[in-house]
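Inspection log for the structure reproduced underneath, given as structure tokens.
The values are calculated or read from the model by the stated rules, or taken from the named source; none is laboratory data. No experiment lies behind these values; they were computed from the predicted model shown. Cβ: placed from backbone, ideal geometry, glycine included. Neighbour counts: every protein chain shown.
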Amino acid sequence: MRLNRLLALALALSALPATAQPELFFGNGQAPVFREEDMDKRFARSKLNQGLNQGTQDAGCAQLLGAMLTLMGETGVVLHKRDENFMLDPVLVNALNTQLVNPRFPGNAFFVAMVRRVLIDRKLPQEWLVTAQALAPYYPAIDLGRLRFLASGVKPLDSFLLTLPALRERYAQEVQRATSVGASTAEALFRENYLDHEVAFGALELVDVKLEKPKKRRLKKGEEPEPPYMLARLVWVEPEAPTTERYEFHFGKPTKRARVEISAKLQETQFTDLNKLLKGARVLVRGRLWEYKKNLAGIELRNALLFPERDWTKTPMLADPAAVAACPLAVNDLTGFAPIQPGAFGKQR
């Protein structure tokens with residue numbers, strides 16, 4: 001079925017080869033255009049959409065709506081303009097396919113329809129946000145900050161593929177391994193290719209957030225001094241390599257893991273309450289990649305937003321499948337029984 005291929009394409013994490021060039025990260029510069037198709041019209045009339053718009057008093061349906069809105073928040077902060085695909089944590093993909101899908105309810109197809117609705121409207125419907133706020137006391141996994149961000153308008157990244165590990169791999173390939181002939185221009189070319197792009201880096205540890213005063217400098221006539229700004233200091237530590245043996249013994253000094261320090265100049269408007277973030281918390285930051293230190297030991301981001309990030313491997317449960325199956329909103333009034341579903345996820349201009 002075309003729908004199955006669409007789901008596999010939309011929900012899978014893309015893997016780029018080691019020889020990937022910048023255009024494979026950022027595409028051709030033309031963002032996809034999302035137009036309403038028949039499936040979108042069916043979704044608008046669906047019982048699930050009615051529940052998203054009006055809320056529910058049913059306990060099982062509260063789990064279903066809470067789970068779908070949680071997934072929407074997780075994928076919404078990393079929507080990008082490279083192509084029509086979107087990204088979702090593999091643990092959540094598995095939870096979606098095992099907990100929110102049953103013979104009478106294709107939850108994965110409904111989730112694709114929800115993402116499409118947001119991309120077509122260029123924002124999360126306000127009614128969905130109101131429903132999420134009503135559910136939050138009973139479904140704490142919902143990140144209201146992420147949903148408020150989406151409700152303020154879709155602001156796509158240049159590419160969700162340019163993760164911090166991917167950036168480090170490209171730096172190693174294009175700069176550190178450059179020959180003597182290419183070394184004189186490799187650093188400048190890397191800066192030209194990768195800086196000044198909107199990116200998102202996850203799995204970071206929050207070191208601190210503080211009010212920073214700009215460095216004093218002589219102002220030109222008529223120039224106003226730069227106001228203080230909030231600065232977040234973060235750190236990324238290379239994950240430990242997975243072990244393949246049941247028992248391993250290491251002698252001598254432990255292997256040193258790579259470490260990248262990140263300073264992020266924050267936007268004045270944040271969708272997360274910075275006062276509630278604690279040192280050592282796991283966070284995701286999105287912003288403009290502005291500068292970096294040699295060998296990528298440090299990175300500077302501008303116009304950044306901070307969001308708390310869950311380690312979903314520790315909390316993979318989104319909803320009780322039995323509760324979802326009993327929910328009257330969980331019926332297949334979206335795909336019907338046709339073997340081929342018309343309409344593509346997105347179309348290029």
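Results for (1) of a type outside the set (Phe, Trp, Tyr); (2) closer than 20 Å to Met72 by Cα, shown as yes or no for each residue.
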site	(1), (2)
Trp128	no, yes
Ala136	yes, yes
Asp143	yes, yes
Leu150	yes, yes
Pro156	yes, yes
Ala172	yes, no
Asn193	yes, no
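Within the stretch 128-178, if we keep just the residues that are touching a helix residue (DSSP H, G or I) at 6+ places or on another chain (Cβ under 9 Å) and among the hydroxyl-bearing types (Ser, Thr, Tyr), the residue that is farthest from Glu84 (Cα to Cα) turns out to be Tyr138. Which residue is farthest from the chain's Cα centre (by Cα), if the candidates are limited to the stretch 186-220 and must be part of a helix (DSSP H, G or I) and surrounded by fewer than 12 Cβ atoms within 10 Å (Cβ to Cβ)? Result: Ala188.
Within the stretch 162-181, residues that are buried (at least 19 other Cβ atoms within 10 Å of the Cβ) have Cβ atoms under 6 Å from residues that are among the charged types (D, E, K, R) in these pairs: Val175/Glu187, counting only partners at least 6 apart in sequence or on another chain.
Are any residues in the stretch 120-179 in a helix (DSSP H, G or I), among the charged types (D, E, K, R) and either under 27 Å from Gly51 (Cβ atoms) or not assigned by TED's automatic domain parsing to the domain that holds Asn193 (or both), and if so, which ones? Once the filter is applied, which keeps residues that are in a helix (DSSP H, G or I), among the charged types (D, E, K, R) and either under 27 Å from Gly51 (Cβ atoms) or not assigned by TED's automatic domain parsing to the domain that holds Asn193 (or both), the stretch 120-179 yields Asp121, Glu127, Arg146, Arg148.
Yes/no per residue for (1) more than 16 Å from the chain's Cα centre (by Cα); (2) over 25 Å from Gly27 (Cβ atoms):
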residue	(1), (2)
Tyr139	yes, yes
Asp143	no, yes
Arg146	no, no
Gly153	no, no
Phe160	no, no
Leu164	no, no
Glu169	yes, no
Val175	yes, no
Thr179	yes, yes
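Could you name every one of the helices (runs of 4 or more DSSP H) located completely within the stretch 25-96 that has at least 2 residues being buried (at least 19 other Cβ atoms within 10 Å of the Cβ) and modelled with pLDDT of 95 or more? Give the derivation first.
Numbers: elements: 38-45, 47-54, 59-76.
Where helices (runs of 4 or more DSSP H) fall fully within the stretch 25-96 and carry at least 2 residues being buried (at least 19 other Cβ atoms within 10 Å of the Cβ) and modelled with pLDDT of 95 or more, they are 47-54, 59-76.
Against the conditions (1) over 21 Å from Phe160 (Cα atoms); (2) at pLDDT 95 or above, Leu3 satisfies every one except (2).
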